[in-house]
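Input: a single structure, listed below in C-alpha cells.
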Amino acid sequence: MDKRVTKFSQQHLSVLKSFLFLFLVFVLGNCQPQQTLDSQSHAANSSRLFKSTKRFVVKVSYMPDARPFVGDVFRGRPAWDILEENILALLQFSPAIEDVVVPKTIEQMTRLPDNGRRQWSTQDILDARPSSGFANSEEVHLDILFLNGRFVNEQGEVMSRSSGVSVRGRNTIAIFKDVIRGSRSGFQRAPGLARFIEQSSLVHECGHAFGLTNIGIPAQSDHEDPFNPGHTRNPRAVMYFQNEGRQGLRRLSQQVMRSNSLIMWGPETLEDVRAFTSRQ
C-alpha cells in the first residue's frame with residue numbers, strides 16, 4: 001500500500017495562511033462525538049479496524065442539496081486527497097491493511113432521496129446510512145453522510161454550529177452542509193478554502209470513528225484533554241478541541257505552515273496508533 005505523506009507547495013500555503021484562523025474555529029470548535037457503545041466495545045471496534053481489516057472503504061452519500069465539495073482544493077490537488085492522506089497516515093501502522101478506497105468524484109458517491117428532514121438525531125443519522133459499516137470479516141466501510149439541516153443532541157438541543165458528528169463505534173460520520181456553507185462567509189475569493197474546511201472536519205470526525213483519543217485506542221502519554229474526552233490537548237493537532245482562544249490557534253496555524261504537510265494528526269496520536277497496532 002502507498003503510504004504517502006503529501007506536501008503542499010509554498011504557493012498553496014500562502015493562500016491558506018490568510019484564512020486558516022477561520023477554518024480552525026469551525027473545525028475544532030464544533031465537534032459533537034456521540035457515544036453508542038461502552039468502552040470495551042469501542043476497543044473491540046478499534047482493534048478490528050487496525051488489526052484485522054484488509055480493505056477499508058469510504059462510502060459517501062449525500063442529500064440533493066447537500067452535495068459534497070469535489071474538485072481541487074488548491075491548484076490541482078483533489079479535495080478528497082486530504083481525507084485519504086490522513087487515513088493512510090493512521091493505517092500505515094496496520095499489519096493487515098492492503099487497500100484503502102476513498103471516492104474523489106461525485107460520480108463515485110451516492111445521491112440519497114430528500115426526506116425533508118432538517119433536524120437529525122443520532123438514530124436518524126444511523127437510519128439514513130445505506131450500509132451498516134461492516135461488509136465482511138476483512139472489509140470495513142466508513143459511512144459519510146452529507147445532510148441538510150442541523151444536529152440535535154441527546155438533550156434535544158439544536159447544535160447550530162456543529163459542522164460534523166461521529167457516531168462512535170458505528171463507523172458513521174455526518175456532515176451538516178448548512179453549517180459548512182455558513183462558514184464560507186468572507187471566502188468568496190478563495191473557493192478552495194471551503195473545501196479545506198469540509199475535509200478538515202471530516203478528518204477530525206474520522207479520528208473519533210477510529211477511536212481517538214483514548215476511547216478505543218489508549219493514549220500512550222498524558223495528552224487527552226480532561227475537559228473534553230476523546231480530544232488531545234496538543235494545540236497543534238486536528239483532534240484538539242477549542243471553542244475559542246486566539247493564542248492556541250496562532251500556534252496551530254504556525255505549526256501547519258512549518259510542517260508543509262496535509263497530515264493533521266499530532267505525534268502523540270500517531271504514537272498511540274503505532275503502539276496499539278503493535279500489541280498482540
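The values are calculated or read from the model by the stated rules, or taken from the named source; none is laboratory data. This structure is a prediction, so every number in the text was calculated from the model and none was measured. Glycine gets a Cβ as well: all are built from the backbone with ideal geometry, and neighbour counts include every protein chain shown.
General remarks:
- Residue check: LEU112 meets all listed conditions (1) touching a strand residue (DSSP E or B) at 6+ places or on another chain (Cβ under 6 Å); (2) without any contact (Cβ under 8 Å) to a residue 60 or more places away in the chain; (3) at positive phi but one, namely (3).
- Of residues in the stretch 198-238 being β-branched (Val, Ile, Thr) and either under 15 Å from LEU90 (Cα atoms) or touching a residue at least 40 places away in the same chain (Cβ under 8 Å) (or both), the one surrounded by the most Cβ atoms within 10 Å (Cβ to Cβ): THR213
- Looking at the stretch 66-147, the strands (runs of 3 or more DSSP E) lying wholly inside it that each contain 1 or more residues that are more than 22 Å from PHE176 (Cβ to Cβ), modelled with pLDDT under 95 and not hydrophobic (A, V, I, L, M, F, W, C) sit at 134-136, 139-147.
- Residue list for the stretch 42-60, filter: surrounded by fewer than 20 Cβ atoms within 10 Å (Cβ to Cβ) and of a type in the set (Gly, Ala, Ser): ALA43, ALA44, SER47, SER52
- Criterion (surrounded by fewer than 14 Cβ atoms within 10 Å (Cβ to Cβ) and under 20 Å from the mean Cα position of the chain (by Cα)) met by exactly one of SER166, SER137, SER160, SER121: SER160
- So ILE263, is it more than 20 Å from ARG161 (Cβ to Cβ), in contact with a His (Cβ under 7 Å, 6 or more places away or on another chain) and either crowded, with 24+ Cβ neighbours inside 10 Å or modelled with pLDDT of 80 or more (or both): no
- Whichever residue in the stretch 180-225 is over 19 Å from the mean Cα position of the chain (by Cα) and more than 20 Å from ALA43 (Cβ to Cβ) and, among such residues, is modelled with the highest pLDDT: PRO191
- Residues of the stretch 52-65 that turn out to be among the charged types (D, E, K, R) and assigned to a strand (DSSP E or B), as a count: 2
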